[in-house]
Amino acid sequence: MKTERTGLVWLIVVMVFTGCAWGDIIYWDNPLGGTYGVNLNWSPRQVPGAADTAIFDLFGTMQIDFDDDYEVGQVLVEYGDFTFDLGGWTYQPLKLEPWDDAVV
C-alpha cells in the first residue's frame, strides 16, 4: 500500500516538474475548409497546440490550408474527406489516429 502511494506521488511530481499537462480537445468547425491557424475555424475558438488533440470529424470534402508551422499533440480524423495543403509549412502531430478509410 505504501509503495503504491509513493509511486503515485512520484508520478505527480514528475508530471508537475516536466510540464506534462492534459491538453484541450479542439474540433475543426468550418465545413467549407479554411486556414488552420484561424481560431474561428475551431471549436472552442483556439488553434490546437502541442498538448492538444485536433479532431476532424465533419462530413464532406474540404481543404485545410496552412499559414505557418504547427505542432499538435494528437490528430484524430474520424470522418470526412480532408486535404491538408501545407504550402511548404510543416505539420507535426505527435500522434496520428486515422479512422475508417482515412489515407495519410
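How big is segment 28-74 along each principal axis, measuring the range of its Cα positions in Å and listing the largest first?
So the extents along the principal axes, rounded to whole Å, are 27, 19, 16.
Obtain the nm distance between the two label points defined at Thr61 and Arg45 by a simple spin-label model: each point lies 7 Å from its Cα along the Cα-to-C-beta direction.
A separation of 3.2 nm, rounded to one decimal place.
Just so you know, all these numbers are worked out from the coordinates, no wet-lab data involved. Everything numeric here is computed off the predicted structure, so don't read it as measured data. Note: ideal-geometry Cβ built from the backbone for every residue, glycine included; neighbour counts use all protein chains shown.
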